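Accompanying notes for the structure given below.
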Number of protein chains: 2
Amino acid sequence: MLKAERQQVILNEVRIHNRVLFTDIAELLSVSVDTIRRDITELSVAKKLKKVHGGAISLGFNNYQLENQEIYALENKSRIARKAITLIKSGQVILISGGTTNMEIARMIPPNLKITCFTPSLPVAVQLMSKAEVDVILIGGKLSKDSQIAIGGCAINMLNDIKVDICFLGINSIDVNNGLTDFDWDIVQIKKAMIQASKKIVAPSISEKLNSTQRFKICDLDKIDVLITELEPEDDKLSAFREVNLKLL
Amino acid sequence: MLKAERQQVILNEVRIHNRVLFTDIAELLSVSVDTIRRDITELSVAKKLKKVHGGAISLGFNNYQLENQEIYALENKSRIARKAITLIKSGQVILISGGTTNMEIARMIPPNLKITCFTPSLPVAVQLMSKAEVDVILIGGKLSKDSQIAIGGCAINMLNDIKVDICFLGINSIDVNNGLTDFDWDIVQIKKAMIQASKKIVAPSISEKLNSTQRFKICDLDKIDVLITELEPEDDKLSAFREVNLKLL
DNA sequence: TAAATTACTGCAATATATTGCAAATAATTG
DNA sequence: CAATTATTTGCAATATATTGCAGTAATTTA
């Protein structure tokens, strides 16, 4: 019996019964307990189940995809998030797209700040649910498995009906000449609708994404009001952006 | 029985009844009171409940967030979920409301079953996102902090535009004379819209909820096509329901 | 206050975890 | 295809964790 096969059996047991015992599985599959223990250790570090003394149990409800993957450049994203938070005033209505930087912003919103947040992002919504004073309004629609945000006509229709104070628009690529671009057509449509739905557009972006261009265009730079990077506003790398009418933070 | 399992049973009891007695749980799980005491001490330092003389009590609703929700699936809910899954055919479009039983159903949907799922429930959507073959469509709207589902006009409008094959409707109270009832007005509205949006209504409910009534009415029993409980369909407790035109599973 | 219940402590029996190692198996390479 | 290398597996020895019990201290209840 292959290792992968065994692990599949284990996962299946956990899915159905919520738990497995090392000894049971070992007997069932006629391998040593050590082998099962090693399998379960592997599955555990892969976050497929939870290893406990004597066996394993299902991860259950809180198995958010997002918590599994490590966030790239988290330090920089936290710095961006800290700056972003300062733009939000009590009582405002804001709109947050997806992406890890926006997740960081959502995470850092003070729990006592009274605001209304629209978002098409599932992880952002989950994050915001824990803030007692934040009203969360979900933009519905078909969920993209990749980006975990609602896409499609339904989401766009819903966005067409609102006008918020600030939009924190996740950035994929930004360039002085080509403006904002992205590689996923569906997400481009959503982002366009989000821009339309907002009085003020804030673009949080790690500096790596500056001066890069993707296939599909979202908008020109003049639609963006504020660009937030982890750099100081005076940094040389931002000089090209300083020259256009763009506030840097 | 695993320690982790025991602790989940304890947390589950605390969630349902707001309190537990060492002696009760010890007898229920056939372990010594000392063991339960130690478990509860651990859970107490983990801030999952409050240890008191003779037992433990719930921390209260303020701490009752998504992250702290316990995954322990009452064996009964798993049984209901297993039965419910058999009703779903490949290619169908289904609608799932919130609640822990429906979470269990979502969790147990086989990863290779190709279906389209509509849901206004944030946790259900998160759960379904991990199923590669399931298309998830989120019903948007204002999120209720208590139930973690989208409520309000926007959600209802979205439901008005669809007609799905099966709806798994979370049940709060069900009674032969009073039909389906609930205590939250907003949720009643959503559930009414869900019923309207479905060809077939399946009501999964643990037997504890049978023959109870809440303040607001959702619908009469004749709207329900199938009632699933953890009991055998022939069980005496279900005799009242057998007499009306209701399929039992 | 006395009786009853519950809490805490240390201990022993059992179960589980960890580690290093060698044999068996699978994958890679020349 | 044979030789080499890497991975997987089972075993044994040791370490750690869990559990129930008994004795005693603390708390509640009447």
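The values are calculated or read from the model by the stated rules, or taken from the named source; none is laboratory data. If you're wondering where the values come from, they're calculated on a predicted model, not measured in any experiment. Glycine also receives a Cβ, built like all others from the backbone with ideal geometry; neighbour counts cover every protein chain displayed. Note: areas computed on protein heavy atoms with side chains; ligands, DNA, RNA excluded. Shrake-Rupley method; radii C 1.70, N 1.55, O 1.52, S 1.80 Å.
Roughly how tilted is helix A:3-17, in degrees to the nearest 10 and between 0 and 90, from the longest Cα axis of chain A?
Taking the Cα atoms of chain A, the angle to A:3-17 is about 80 degrees.
Relative contact order for chain A using alpha-carbon pairs under 8 Å, separation at least 6, rounded to a whole percent? Please report the intermediate quantities before stating the final value.
Values: 452 pairs, mean separation 33.5, N = 249.
The value is 13 percent.
Please list, in chain and number order, the residues 5+ apart from A:Val164 or on another chain whose amide H is under 5 Å from its amide H, with Hs placed from the backbone.
Here A:Ser198, A:Lys199 satisfy the definition.
Evaluate the distance, in nm, between pseudo-label points positioned 7 Å from the Cα of A:Ser207 and of A:Lys3 along their respective Cα→Cβ axes.
Roughly 4.2 nm, to one decimal.
Using a 7 Å offset from Cα along the direction of the beta-carbon, what are the separations from B:Glu27 to the same position in each other copy, nm, ascending?
Those separations, rounded to one decimal, come out as 3.0 nm.
Can you give me the pair-distance distribution of the stretch B:3-63, C-alpha pairs, 5 Å bins, whole percents?
The percentages, shortest bin first, are 4, 21, 38, 26, 9, 2, 0.
Take B:Asp220 and B:Leu113, extend 7 Å from each Cα along the Cα→Cβ direction, and tell me the distance between the two endpoints in nm.
3.2 nm
What list of ³J(HN,Hα) values in whole Hz, one per residue of the stretch A:127-141 in order, does the Karplus curve 6.51 cos²θ - 1.76 cosθ + 1.60 (θ = phi - 60°) give from phi, with Gly and Pro shown as x?
4, 6, 4, 7, 8, 4, 8, 9, 7, 10, 10, 7, 7, x, x
Based on the Kirkwood radius over alpha-carbon pairs, what value in µm²/s does the Stokes-Einstein equation return for the translational diffusion coefficient of the protein assembly as shown at 37 °C and 0.692 mPa s?
133 µm²/s
Got a number for carbon plus sulfur as a percent of the protein assembly as shown's accessible area, 1.4 Å probe?
48 percent
For the pair A and B, how large is the buried accessible area, both sides, in square angstrom to the nearest 100, if the probe is 1.4 Å? Don't skip to the end; give the middle numbers.
Numbers: alone 13300 and 12900 Å², together 22520 Å².
Result for this pair: about 3700 Å² buried.
Ignoring ligands, DNA and RNA, what accessible area per residue does the stretch A:3-62 give at 1.4 Å, in Å²?
53 Å²
DSSP loop GluC sites (Glu not before Pro) in the stretch B:157-241 with at most 15 other Cβ atoms within 10 Å of their Cβ, which ones?
Qualifying residues, ordered by number: B:Glu234.
Provide the per-residue ³J(HN,Hα) series for the stretch B:109-125, in order, calculated from phi with Karplus coefficients 6.51, -1.76, 1.60 and θ = phi - 60°, each as a whole number of Hz, with x at glycine and proline positions.
Result, rounded to whole Hz: 4, x, x, 9, 7, 8, 9, 10, 10, 9, 7, x, 9, 4, x, 4, 4.
Just to confirm the number: angle between the C-alpha axis of helix B:185-196 and the first principal axis of chain B, 0 to 90 degrees, nearest 10?
50 degrees
Report, as an integer, the average count of C-beta atoms from other chains found within 10 Å of each Cβ along B:4-10.
Per residue, the average neighbour count from other chains is 3.
Can you give the relative contact order of the stretch B:74-143 as a percent, counting alpha carbon pairs under 8 Å and 6+ residues apart?
30 percent
Suppose we keep just the DSSP beta bridges with both residues in the stretch B:75-248; what percent of those would be antiparallel, to 5?
Working: 9 of 30 bridges.
Expressed as a percentage, antiparallel bridges in the stretch B:75-248 total about 30.
Calculated from DSSP H runs of 4 or more alone, at -39500 (n - 2.57) each and per residue, what is the 222 nm mean residue ellipticity of chain A, nearest 500?
Values: 10 runs with 94 residues, N = 249.
Counting only the DSSP helices, I get -11000 deg cm²/dmol.
Would you mind counting up the charge near A:Glu133? Only other residues with Cβ under 13 Å from its Cβ, with Lys and Arg at +1 and Asp and Glu at -1.
+2
Only Cα pairs under 8 Å and at least 6 apart count here; give the relative contact order of the stretch A:3-62 as a rounded whole percent.
36 percent
Compute the Cα gyration tensor for the stretch B:150-233, then decide on rounded, prolate or oblate, letting a ≥ b ≥ c be the square roots of its eigenvalues: rounded whenever a/c is under 1.5, prolate when a/b is larger than b/c in the other cases, and oblate in all that remain.
Oblate, because a/c is 1.5 or more while a/b does not exceed b/c.
Between A:Arg15 and B:Lys199, how many nm apart are label points set 7 Å from Cα along the C-beta direction?
For A:Arg15 paired with B:Lys199, the spin-label model returns 2.6 nm.
What residues have an amide H closer than 5 Å to that of B:Phe118, excluding those fewer than 5 places away on the same chain, when H is modeled at 1.01 Å from N in the peptide plane?
Amide H neighbours of B:Phe118, under 5 Å, 5+ apart: B:Ile94, B:Leu95, B:Ile96, B:Ile137.
Over chain A, with a Gaussian network built from C-alpha contacts below 10 Å, which listed residue (A:Asp222, A:Asp186, A:Asp235) shows the highest mean-square fluctuation?
The residue with the greatest mean-square fluctuation here is A:Asp235.
Picking from B:Gly98, B:Gly140, B:Gly54, which is most flexible by a Gaussian network model of chain B using Cα springs under 10 Å?
Highest fluctuation of the listed residues: B:Gly54.
Could you give, in nm with one decimal, how far A:Ser212 is from each other copy of that position, shortest first, with labels 7 Å out from Cα toward Cβ?
5.3
For chain A, take the longest principal axis of its alpha carbons; what is the angle in degrees between that and the long axis of helix A:33-45, to the nearest 10 within 0 to 90?
10 degrees
Let me make sure I get this right: for the stretch A:74-248, a, b and c are the square roots of the gyration tensor eigenvalues over alpha carbons, sorted descending. Under 1.5 in a/c it's rounded, otherwise prolate if a/b > b/c, else oblate. Which is it?
oblate
Put a point 7 Å out from Cα along the line to Cβ at B:Leu113; what are the distances to that point in the other copies, in nm, shortest first?
Ordered by increasing distance: 4.1 nm.
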